[in-house]
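Colleague: Got a structure for you, questions after.
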Amino acid sequence: MDFIDTDLRNSKFEEVSLTGAQLHIVDMTNAQFRAVDLTGAVMRSVDLVNVDISGQVENLTINGVDVAPLIEAELDKRYPLRPKMRPTDPAGFCEAWDIVERLWGQTVDHARSLQPEQLHESVNGEWSFIETLRHLVFATDAWIRRGILGDPSPWDPLDLPWDEMPDTPGVPRDRAARPSLDEALELRRGRMATVRQFIDGLTDASLKTDTEPVDAPGWPRPRSYPVRQCLLIILNEEWVHRLFAERDLDIVESVKGQPESV
């Protein structure tokens, strides 16, 4: 299908495949992309001005320069503890989890300084603070309790997968739930304790093993994964979502009296 000399302003494309599409003389000013796969995309004669991009960046060459290593180096410079989230041995994972627990303790203290209803507020369409906690419960259930420990259905009704995850039998997705902060934290404390217990028992040998596939619907998909990969995924989830949470708590705190979606 060809769109030539066509006005598609304000169109919405959802669950659409544009693999192999050719875009020539296309105005995408103020376009929004969410959960978009641009792997292998080639852009020439592009105006990339006032653009905000967040996501996984690898092998991104701009004007002949691979900028991904520059981005990683700058992020490590901004956040000196960030390199600790890439451990290679059991002691490093213990240290990383110590950092996660400490930083999240500070973030929870920040959240408690806000009104309870503010913790359900969304900023720019992102998860609220409570939803972020629920998603991290899901991540732990997926990669630790299911992926590593082998529980085929570890989910709690408050688990919250990422928005674009296909509906999966047995995996909850209740976006309307509004648990209190204490309810969400109680659930989260149990999951964090599970991670702590597993990391404290890590050995060099166990860190190098692969998981046993779980033969049941859910996430991750039922196949084998390196244990270290599962743990690194959890560390990354904890790190990035805490930064997002702090960012959005600051915004919510600064716009008291605004509507729920700010």
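Colleague: Hey, rough spin-label estimate for Ser206 and Leu243, points 7 angstrom out along Cα→Cβ, what's it come to in nanometres?
Modeller: Label-label distance for Ser206 and Leu243, simple model: 3.0 nm.
Colleague: Using DSSP to call loops (not H, G, I, E or B), can you name the chymotrypsin sites (Phe, Trp or Tyr not before Pro) in the range 147-230 whose Cβ has at most 15 other Cβ atoms within 10 angstrom? The partial results should precede the final answer.
Modeller: Numbers: sites: Trp155, Trp162, Phe198; in loops: Trp155, Trp162.
Sparse-neighbourhood loop chymotrypsin sites (Phe, Trp or Tyr not before Pro): Trp162.
Colleague: Can I ask one more? For the pair Asn50 and Ser224, what calculated FRET efficiency results from E = 1/(1 + (r/R0)^6), where r is the Cβ-Cβ distance and R0 = 41 Å, to the nearest 0.05? If you can, show how the numbers build up before the last one.
Modeller: On the way: r = 44 Å, r/R0 = 1.07.
Given R0 = 41 Å and the Cβ-Cβ separation, E is 0.40.
Colleague: Okay, moving on. Test of understanding: what is the full-extension gain from Leu8 to Phe33, defined as 0.36 nm times their sequence separation minus their Cα-Cα distance?
Modeller: On the way: separation 25, 0.36 × 25 = 9.00 nm, distance 1.53 nm.
Here the answer is 7.5 nm.
Colleague: Based on other C-beta atoms within 10 Å, arrange Met165, Met192 from fewest to most. Intermediate results must be reported in sequence, preceding the final value.
Modeller: Details: Met165 14, Met192 19.
With the sparsest Cβ surroundings first, the list reads Met165, Met192.
Colleague: Mind putting a number on the dipole of the range 83-254 about its Cα centre? Charges go on the C-beta only, +1 for Lys and Arg and -1 for Asp and Glu, and I need it in Debye to the nearest 20. Let's see the in-between values first.
Modeller: On the way: 20 positive and 31 negative charges, 86 e Å.
Roughly 420 debye for the range 83-254.
Colleague: Would you kindly calculate the mean projected area, averaged across all directions, of the convex hull enclosing the Cα atoms of the range 46-194, in square nanometres? List each step's numbers first, then the result.
Modeller: Details: hull surface 47.6 nm².
About 11.9 nm², averaged over all directions.
Colleague: I would also like to ask the following. List the aspartates and glutamates whose Cα lies under 19 Å from the Cα of Lys208, skipping any in the same chain that are fewer than 8 positions away.
Modeller: Asp89, Glu95, Asp200
Colleague: How big is the dipole moment of the range 52-105 about its Cα centre under a simple scheme where the beta carbon of each Lys and Arg is +1, that of each Asp and Glu is -1, and everything else is neutral? Debye, nearest 20, please. Let's see the in-between values first.
Modeller: Details: 6 positive and 10 negative charges, 31 e Å.
Magnitude of the dipole: close to 140 debye.
Colleague: Kirkwood Rh, Cα Rg: Rg to Rh for the chain? Please list the in-between numbers first.
Modeller: On the way: Rg = 20.6 Å, Rh = 20.9 Å.
Rounded to two decimals, Rg over Rh is 0.98.
Colleague: What GluC sites (Glu not before Pro) does the range 33-100 have in DSSP loop regions with at most 10 other beta carbons within 10 Å?
Modeller: Working: sites: Glu58, Glu72, Glu74, Glu95; in loops: Glu58.
Those that pass, being in a loop and sparsely packed, are Glu58.
Colleague: Please name which of Leu160, Leu60, Val214 has its Cα lying farthest along the dipole of the chain towards the positive end, using unit charges on Cβ (Lys, Arg +1; Asp, Glu -1) and the Cα centre as origin.
Modeller: Val214
Colleague: Once you have the alpha carbon radius of gyration of the range 26-101, what is it after dividing by 2.2 N^0.38 Å, with N set to its residue count?
Modeller: Values: Rg = 16.8 Å, N = 76, 2.2 N^0.38 = 11.4 Å.
Scaled against compact globular proteins, the figure is 1.47.
Colleague: Could I ask something else about it? Starting from 0.36 nm per residue, how many nanometres of slack lie between Asp182 and Thr61 once their C-alpha separation is accounted for? If you can, show how the numbers build up before the last one.
Modeller: Details: separation 121, 0.36 × 121 = 43.56 nm, distance 4.54 nm.
Taking Asp182 through Thr61 to full extension adds about 39.0 nm, to one decimal.
Colleague: Ok, one more. Amide H to amide H, which residues 5 or more places from Asp210 or on other chains are under 5 Å from it, using H placed in the peptide plane?
Modeller: Answer set, sorted by chain and number: Val227.
Colleague: Treat every Asp and Glu Cβ in the range 83-125 as -1 and every Lys and Arg Cβ as +1, leave all other atoms uncharged, and give the resulting dipole magnitude about the Cα centre to the nearest 20 debye. Working shown, then result.
Modeller: Numbers: 4 positive and 7 negative charges, 22 e Å.
Dipole size: approximately 100 debye.
Any read-out appearing in this document is the output of simple, stated calculations on the displayed coordinates, not a laboratory observation. Predicted model, so just to flag it, every value in this text is computed and none were measured. FYI the Cβ positions are ideal-geometry reconstructions off the backbone, even for glycines, and counts take in every protein chain you see.
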